[in-house]
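For reference, the structure discussed in these notes is given below.
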Amino acid sequence: MLLRLAYLGVTNAFAMLRLLPMGDRGKDAEILALRHQVTVLERQLGGDRVRFTPSDRAFLAALLHRLPLPVLRRVRLLVRPDTVLRWHRDFVRRRHAALSRPKRPGRPRTARSIRILVLRLARENPQWGYRRLHGELLVLGVKVAASTVWRILQDAGVDPAPDRSSSTWADFLRFQADALLACDFFDAVTLSGARMYVLVVIEHSGRRIRVLGGTAHPTASWVTQAAKNLVMDLEEHELLDRTLIWNQRHLLHALREFEEFNNSHRPHQGIANARPLHPLPTPIDGPDKLCHRDIRRHDRLGGILHEYRHAA
């Protein structure tokens, strides 16, 4: 509409310039011709109404609204003078509404520190949906609406949790790196010509090599015993914190870790995002104060579970 209105203004400005060289007699003749054409148009339309576009209405209203009403009533128009005045009132009302409209509709924009924190949590926890992220923010004392978290993710182009939580082999291996062992046999021939087989494992994360033994007859029972010896040596090692379940001891250890995480840190929607053993902290007064907070991540089970806390 604005482009159309500007076009009408420019074309009629040139038309006004064309009228400047004309004398009063020529202008009177053109006015009479135009009035006659309006009469012919009305006769052809019969009872039909002429359709004006919004830009046509705005232009006519701006052109004619300053004329006194008695003069306006004598002007030959396709509409009534009261209609032109109503168009002008509508035009002024819409213009005033546009100028009075706030620059940014709705609630004020969320603080940048909160947006950064939400996107960080979403990046480090692909399996967390916006409600889980909302609960973690409340645990940190950041009080925002769940809809705000959803809007931040949507504006940043972050897919919903089901679409971004699928684990690739690279992700799986990274989570399991501390517990993965690469095993291999290699053979060696002695001076007497005997062939010996050596069982070796290497820890994926630290590249530590462990030679489990050598034998001329690598039977199933010998390999089983070597593996048992290795497990007994590793059960006190930290690498079992993040792996598939190896044995009963590892299972109980993983369950204890999850129990502690679930009761002490994880927010639960069924109890208003509080934690079973701890209430929610007092909300931080002013989101901008997050800029000066050091929020650190504590990993459980080798990074499968994440806890976020303010640094002491």
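The values are calculated or read from the model by the stated rules, or taken from the named source; none is laboratory data. Just so you know, these numbers come straight off a predicted model, no measurement behind them. In this analysis, Cβ positions are derived from the backbone assuming ideal geometry, glycine residues included, and neighbour counts consider all displayed protein chains. Surface areas here come from the heavy atoms of the whole protein model, side chains and all, with no ligands, DNA or RNA. Shrake-Rupley method; radii C 1.70, N 1.55, O 1.52, S 1.80 Å.
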**Message:** Where the second residue is open to solvent by 40 Å² or more (accessible area, probe 1.4 Å) and assigned to a helix (DSSP H, G or I) and the first is over 17 Å from Tyr308 (Cα atoms) and lies in segment 259-271, which pairs have Cβ atoms under 8 Å and are six or more apart or on separate chains?
**Reply:** Gln269/Arg131
**Residues satisfying the stated conditions in segment 43-88, i.e. modelled with pLDDT under 70, in contact with a Lys or Arg (Cβ under 8 Å, 6 or more places away or on another chain) and not in a loop (DSSP other than H, G, I, E, B)** = Pro81
**Asked** Is it true that some residue in segment 118-130 is among the hydrophobic types (A, V, I, L, M, F, W, C), under 17 Å from Ile295 (Cα atoms), outside any loop (DSSP other than H, G, I, E, B) and more than 12 Å from the chain's Cα centre (by Cα)?
**Response** yes
**Fill in**
How many residues of segment 260-274 are closer than 17 Å to Arg297 by Cβ and loosely packed, with under 13 Cβ neighbours inside 10 Å? The answer is 1
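Tell me, which strands (runs of 3 or more DSSP E) lie completely within segment 136-242 with 1 or more residues that are in contact with a Gly (Cβ under 9 Å, 6 or more places away or on another chain) and modelled with pLDDT of 70 or more? It would help to see each step written out before you state the result.
Values: elements: 181-189, 195-203, 209-215.
Result: 181-189, 195-203.
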